[in-house]
Amino acid sequence: MDESTRRLRTLDFFMGTVFAAIGFYVAIEGYNIFVAPELVTVERMTNPGVTTIFIGALLALLGLVMAIIGFIGSRTPFRNAKQAIPETLRKPAFLKGIIAMAGIAVYFFVLWGRIPYVISTFIFLAGMMFIFKAGAWWKIFIISGITVAIVWYVFGELAMVPLP
Amino acid sequence: MSFEQIVLEVLKTLTLEFILLIAAATFIGLIIGALPGLTTTMGIALLTGITFKFSGHAAIALLLGLYVGGVSGGSLSAVMIGIPGTAANAASVLDGFPLAMAGKGAKAITVSRSASIMGTLFGILCLAFFTPILSDLALKFTSAEFFLIGLFGVLISGTMTGADLPMKGWISGFVGLTIALIGIDELTAYHRFTFDSPQLTSGLPFIPIMIGFFGIPQVIESLSSEQDVLVAKLDRAKTKLSEILQHWKVALRSGLIGVGIGVIPGIGEDVAAWVSYGVAKKASKHPEEYGKGSIEGLVAAETADNSCIGGAIIPLLSLGIPGSPPAAVLLGAFLIHGVRPGPMLSFEFPAFVYQAVSWLLVATLFMRFMALWLARPMQKILTIKNAVLMPIVTVLCAIGAYSLDIRYIDIVLVFFAGILGILFRKGKYPPAPLVLGIVLGPLVDVNLRRALKASNGDISIFFTRPIALVLVVSIIVLILAQLGVFEAITSKFRRMRQSTI
């Protein structure tokens, strides 16, 4: 088994475990719905807990199988993860991804709604283009400005979306 | 409804306003499809926000135009830069790009465009013919059949799209079904997984999830790996129609494959193109030319992915079950605009199928002219750096999700759906079954319980009705095949025979 497959199976083990946990939670919650006092007057077969248990149990089962496949395939998932995490953290692509995600998070959670849409979007666009070296600063300013103007006109004026 | 009435209804929605709208949508679709990183599914999800103010029919006409343009547009970048604009055009890269690099770029684009048109027209023909038949058949379906179709759709979508293990496709589908459980229960008004949050009572909105799930991972991936783009030069040589038409057998076979795969819930254009390409290569007299600029290979891939559009809309309109991820987003848009696809559609909007056919035809007509006309400007557009394009895509993701209900929570949802999408990509979990799971969740949920109620809790209702029985057998065969049971039995029989000899 090559290194990439071993790493994928390690990830499968962890993701399978998470899916199994979610499935168990959904199934247990489904049982709680099934016996919920506010649904005693509802026929058992139309109780929303029926489908919830069905879907949750199947997701748990599939997640468990996935975790087992991952465990068998990776053999030592915890040791593999311990080895792979520092390597991944050192990769430039990973760092770029984290920066991009952080930029998006700042735009969505910090800028959006707090300052006017036109300004927040311009800051986000220009900032991201600067960080990822899209070109000369004046080009970035022009592109960001034009984009903001077009989006504001199409959504704010034509589609009449009340922008923050 | 008489033939004359249908014609009148169709003509009502073929006004200049509609035609211009479809033309604009096809144009936008071609550009969205051509730009690597912007998929047709994402394009439809993003534009749904703008269509909110339009009339239902105008919005749907626009989105169908975008669908046609998007799938076709992907071939432009596949041919010119060797990067498929959408997953549907990945197979077109194999022969389109070598052709363009050999100085036959115009020919490659003409062939892919002609194949796209042939495929789309074939798909539309099948749509017009089979949708009413399937709708009539669907009227005989009870809750048991609808539940089983929903379950079968999620499972087959997971099986066919799982690149690593089919199990991952199934998990993806069940995660989608789980997401669909959130909100008020349709039958009892019970609040399920709402955590006392009023914003979750109507469930998680589908479009923002789609925008985040498809858009954000693409933004992150593109920004993490900036690649130099090599654009093939376009010559000015003309291609004779006869050169393309000599591959009519390949086109017809690929059209059938495309429609057939399109009809299967949640699979989509990419699978259709690859299957068709593989079949064409096997059947070809010159398989050695495949991958080196074979016209036949390009025709096979492009006809199949475009005919899949019509195929994917057949179950959408007749059963309310989308045949592909873009069709799934279309379903969400249909519901927003008050059109509920399914067997009752022919009663509520008797001419709707034919109106949709006419809109698709108009879009195909515009696609015919626009694809070649756009090819030269696209040479410039395709050199746009990801560092410029992706921040703009992020802004569109945010505004696209926000404009639907003007709720900040939808932007938060885009972000978290994006994280889920990244995890799915890293773990090689296919996105299509998740989309289908979310869309089919309510159908599976409600019809399972309705079926059980109708039978007083007797599960034999799922085995005693002929269509239900066929579906149950199909589901069992599908699962056993993926678990390798049939392979094990076959090899055991082979060993037994050998030992007897």
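The values are calculated or read from the model by the stated rules, or taken from the named source; none is laboratory data. All values derive from a computational prediction rather than experimental measurement. As a convention, Cβ positions derive from the backbone with ideal geometry for all residues, glycine included, and neighbour counts pool all protein chains shown. We work out accessible area using only protein heavy atoms, side chains counted, and drop any ligands, DNA or RNA first. Shrake-Rupley method; radii C 1.70, N 1.55, O 1.52, S 1.80 Å.
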So residue B:139 and residue B:491, fully extended at 0.36 nm per residue minus their Cα-Cα distance, gain in nm 122.4 nm
Using just the helices of chain B, give the 222 nm mean residue ellipticity in deg cm²/dmol: DSSP H runs with n ≥ 4 each add -39,500 (n - 2.57), and the total is spread over all residues, rounded to 500. -24000 deg cm²/dmol
Residues with amide H under 5 Å from that of residue B:320, placed H, sequence gap 5 or more: B:342
At 0.36 nm per residue, and after removing the present C-alpha to C-alpha distance, how many nm does the segment from residue A:152 to residue A:68 gain when stretched out fully? 25.2 nm
Rounded accessible area of residue B:235 (nearest 10 Å², 1.4 Å probe): 40
Rounded to one decimal in nm, the spacing of the 7 Å Cα→Cβ label points at residue A:43 and residue A:5 is 5.2
Within chain B, longest stretch clear of exposed trypsin sites (Lys or Arg not before Pro) (DSSP loop, no more than 13 other Cβ within 10 Å): B:293-501
Could you give the dipole magnitude of chain B about its Cα centre, charging the beta-carbon of Lys and Arg +1 and that of Asp and Glu -1, in debye to the nearest 20? 1140
Accessible surface, per residue, of region B:3-462 when the full set of protein chains is kept, probe 1.4 Å, Å²: 35
Taking the Cα centre of each part, how many Å lie between region B:425-501 and region A:1-51? 19
How many nm is it between the label spots at residue B:54 and residue B:480, if each spot is 7 Å from the Cα in line with the beta carbon? 4.8
Please work out the C-alpha center-to-center distance from region B:258-328 to region A:56-107 and express it in whole Å. 33
How would region B:374-501 be classified by its alpha-carbon gyration tensor: rounded, prolate or oblate, with rounded meaning a/c under 1.5 and the a/b versus b/c comparison settling the rest? oblate
Test of understanding: what is the full-extension gain from residue B:24 to residue B:1, defined as 0.36 nm times their sequence separation minus their Cα-Cα distance? 5.1 nm
Under 1.5 on a/c is rounded, so check that first for the protein assembly as shown, then, if it is not, pick prolate when a/b is larger than b/c and oblate when it is not; a ≥ b ≥ c are the square roots of the alpha carbon gyration tensor eigenvalues. rounded
Can you spot the lysines whose alpha carbon is less than 25 Å from residue B:140's alpha carbon? Ignore those fewer than 8 places along the same chain. B:453
Inter-label distance for residue A:131 and residue A:106, nm, one decimal - labels placed 7 Å from Cα along Cα-to-Cβ: 0.6
Mind checking which of A:35, B:39, B:206 is farthest towards the positive end of the protein assembly as shown's charge dipole, using Cβ charges of +1 (Lys, Arg) and -1 (Asp, Glu) about the Cα centre? B:39
Regression test value, accessible area per residue of region A:3-87, probe 1.4 Å, units Å², expected 52
